[in-house]
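J.: Please see the structure below; I have some questions.
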Amino acid sequence: MHKSIEIDEKIFQDAVKFYGTVFNIPPLASKIYAYLLFDYEKVGIPFDEFVEVFSASKSSVSTSISLLLNAELIIDHNKMDERKRYFFINDGYKKIRFEKIVQKMKDELKLLDDLDQFKKNHNGYDEKIEAYKALLNKNIINIQESLNKL
């Protein structure tokens, strides 16, 4: 089997390192994700190609693919006339990722509001907390406006 896509080794290595850190995923899962980034024509990459390209066991590849599918980083598709599953980057993940970020910021804002209320009842006021809350609110609005455009 040959590679069905062309990759740039330097960009690939940079992507493996970056996405491994950003998504907190193991090295093989990061390699699979980075490899899929080069599937510009969205033809999909079959399981066997990952096994061959990365010289990894079927078990390791299967575990990494399951992790990526569960994290919604990738999706799979079966073609009508084949048993093979083809894997693709989940283009919708960008939106999912930022929705999760917004939710975490909202959760933090709620916690800070609760702490702020508690402090006010005990004669405390923190100007830095207010500035931080304003920054959170501003970023939530900016991200939500951008998400609406996606």
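J.: Just to check your reading of the model, which residue among Ile11, Ile89, Ile74, Ile45 is surrounded by 14 or more Cβ atoms within 10 Å (Cβ to Cβ) and over 28 Å from Asn148 (Cβ atoms)?
T.: It is Ile45.
J.: Any idea which residue in segment 72-130 is farthest from Tyr40 (Cα to Cα), counting only those that are of a type in the set (A, V, I, L, M) and more than 21 Å from the chain's Cα centre (by Cα)?
T.: Going through the qualifying residues, I end up with Leu115.
J.: Regarding segment 79-86, can at least one residue be identified that is surrounded by 10 or more Cβ atoms within 10 Å (Cβ to Cβ), among the hydroxyl-bearing types (Ser, Thr, Tyr), over 30 Å from Ile32 (Cβ atoms) and modelled with pLDDT of 85 or more?
T.: No: zero hits.
J.: Next question, about the same structure. May I ask you to say which residue of Ile74, Ile101, Ile89, Ile96 is at pLDDT below 90 and under 28 Å from Asn142 (Cα atoms)?
T.: Ile96
J.: Going residue by residue through segment 49-66, is there one that turns out to be modelled with pLDDT under 90, of a type outside the set (Phe, Trp, Tyr) and out of contact with any Ser or Thr (no Cβ under 9 Å at 6 or more places or on another chain)?
T.: There is no residue in segment 49-66 that is modelled with pLDDT under 90, of a type outside the set (Phe, Trp, Tyr) and out of contact with any Ser or Thr (no Cβ under 9 Å at 6 or more places or on another chain).
J.: Moving on to the next point. Only one of (1) within 22 Å of Leu150 (Cβ to Cβ); (2) β-branched (Val, Ile, Thr); (3) touching a strand residue (DSSP E or B) at 6+ places or on another chain (Cβ under 7 Å) is not met by Val22, so which one is it?
T.: (3)
J.: Follow-up. Take the conditions assigned to a loop (DSSP other than H, G, I, E, B) and among the hydroxyl-bearing types (Ser, Thr, Tyr) and apply them to Tyr40. Does it pass?
T.: Yes.
J.: Continuing with this model, one more query. With respect to the numbered conditions (1) closer than 25 Å to Lys100 by Cα; (2) at pLDDT 95 or above; (3) aromatic (Phe, Trp, Tyr), which one is the sole condition not fulfilled by Phe23?
T.: Against the list (1) closer than 25 Å to Lys100 by Cα; (2) at pLDDT 95 or above; (3) aromatic (Phe, Trp, Tyr), Phe23 comes up short only on (2).
J.: Turning to a different aspect of this structure: Only residues in segment 50-71 that are part of a helix (DSSP H, G or I) count as the first member; pair them with residues that are charged (D, E, K, R) and modelled with pLDDT of 95 or more, Cβ under 6 angstrom, at least 6 apart or cross-chain, and list the lot.
T.: If the second residue must be charged (D, E, K, R) and modelled with pLDDT of 95 or more, the pairs left are Val51/Lys58.
The values are calculated or read from the model by the stated rules, or taken from the named source; none is laboratory data. All figures in this text were calculated on a predicted structure; none of them were measured in a lab. Because the Cβ atoms are built from the backbone with ideal geometry, glycine has one as well, and the counts that use them run over all protein chains shown.
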